[in-house]
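Below is one structure, written out as structure tokens, with a few remarks after it.
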Amino acid sequence: MSDSLIVAVETGLLGAAPALALVGIGGRRFVAPALALGVGVVFVVFKGWPELPHRLWVGNNDGMAWLCWALVVAGLIGWLQDLRWLPHGFFALLGFLTCCALPVFVSARLHGLFADVSPRWTGWTVGGHLGLAIALLVGAWVFMARAGERRQGLLLPIVWTLCLTAVSVALLHSGSALQGQLAGGLAAALGMATTTAIWRRPFALGEGAVLALAAGHIGLVFAGHHLGELERWPALALALAPATVWLGGARELSRWPRLGGFLAALLALAASGYAVWATWGAGGGS
């Protein structure tokens with residue numbers, strides 16, 4: 001068995017284990033923390049424990065460590081929301097602040113707003129990069145939550161699992177090994193959570209779980225592009241791919257829900273497939 005296959009299997013098992021334990025026993029209300037834990041376990045095993053936030057702030061501001069802490073926060077907020085312990089307005093505020101903070105902290109080394117480094121981004125470039133990332137993240141959260149409301153069932157989590165798998169493959173082939181492994185762990189966690197529908201029905205992604213997923217998905221694509229070697233257009237395709245589920249639930253297709261689901265899955269696979277094709281061999285999967 002090749003080393004890359006062994007790493008892929010290990011990543012899948014590590015990412016899936018928290019989902020099997022939490023969602024398999026506690027149900028869909030525990031999807032958000034299971035996703036955060038799945039990514040966190042993969043990070044710890046392959047890179048080690050991330051530095052605590054107060055040390056990152058005055059230290060090297062490692063973007064991937066900040067991303068892990070952001071996913072912990074998103075997972076905790078999402079969990080409290082899915083448990084119905086947060087007023088909806090307060091959850092919306094916390095979710096929005098998380099979406100705004102994630103790209104800022106992940107790219108701390110690049111813009112130098114609170115890091116003692118020579119920034120690579122200056123002037124309007126900072127606002128452009130961060131503004132686009134925040135817009136994509138907030139949009140993914142809002143539109144995918146609406147898609148989940150329209151389509152209660154397995155279509156959304158299955159399509160999103162496939163999209164995250166494509167993110168993992170594209171990141172690995174573009175030379176962003178750690179980001180690819182984390183995306184693989186997130187895909188495995190969501191896939192295992194969805195699999196629990198076999199014995200725990202019904203299964204659907206709650207608003208909190210969608211927040212954690214959007215943070216992980218867009219955050220990893222953002223990190224792969226700005227901290228790794230993922231090119232602009234494949235990154236954009238990967239970021240937008242799950243949104244096709246929302247398009248598939250348009251009013252014009254309400255009479256034919258199966259057709260809408262098929263078209264949504266087809267568009268998502270097409271966008272993800274383009275990104276994988278565009279990155280194939282780009283970085284050697286190092």
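The values are calculated or read from the model by the stated rules, or taken from the named source; none is laboratory data. It should be emphasised that the depicted structure is a prediction, and the values quoted were computed from it without experimental measurement. Cβ coordinates were reconstructed from backbone atoms using ideal geometry, including for glycine residues, and neighbour counts include every protein chain displayed. Side chains are part of the model used for accessible areas, which takes the heavy atoms of the whole protein and leaves out ligands, DNA and RNA. Shrake-Rupley method; radii C 1.70, N 1.55, O 1.52, S 1.80 Å.
Quick look at the values:
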item: Approximate shape of the stretch 46-113 as ellipsoid semi-axes (Cα gyration tensor, √5λ), whole Å, largest first; result: 25, 14, 8
item: Using alpha-carbon coordinates, inclination of helix 63-82 to the longest axis of the chain, degrees; result: 30
item: Helix-only [θ]222 nm of the chain, DSSP H runs n ≥ 4, -39500 (n - 2.57) each, per residue, nearest 500; result: -24500 deg cm²/dmol
item: Principal axes of the stretch 1-94: Cα extent on each, largest first, Å; result: 49, 40, 15
item: The chain - Kirkwood radius from inverse mean 1/r over Cα pairs (Å); result: 18.7
item: Apportionment of accessible area to carbon and sulfur, the chain, percent (1.4 Å); result: 67
item: C-alpha long axis of helix 3-26 to longest principal axis of the chain, angle in °; result: 60
item: Cα pair distances of the stretch 130-247 binned at 5 Å [whole percent]; result: 2, 13, 24, 25, 19, 11, 5, 2, 0
item: 0 to 90° range, to nearest 10: angle between helix 155-173 axis and the chain longest Cα axis; result: 30
item: By average C-beta atoms within 10 angstrom, highest first, the peptides 37-43, 153-159; result: 37-43, 153-159
item: The chain - accessible surface per residue (Å², probe 1.4 Å); result: 47
item: Alpha-carbon centroids, the stretch 125-155 and the stretch 26-55: separation in whole Å; result: 21
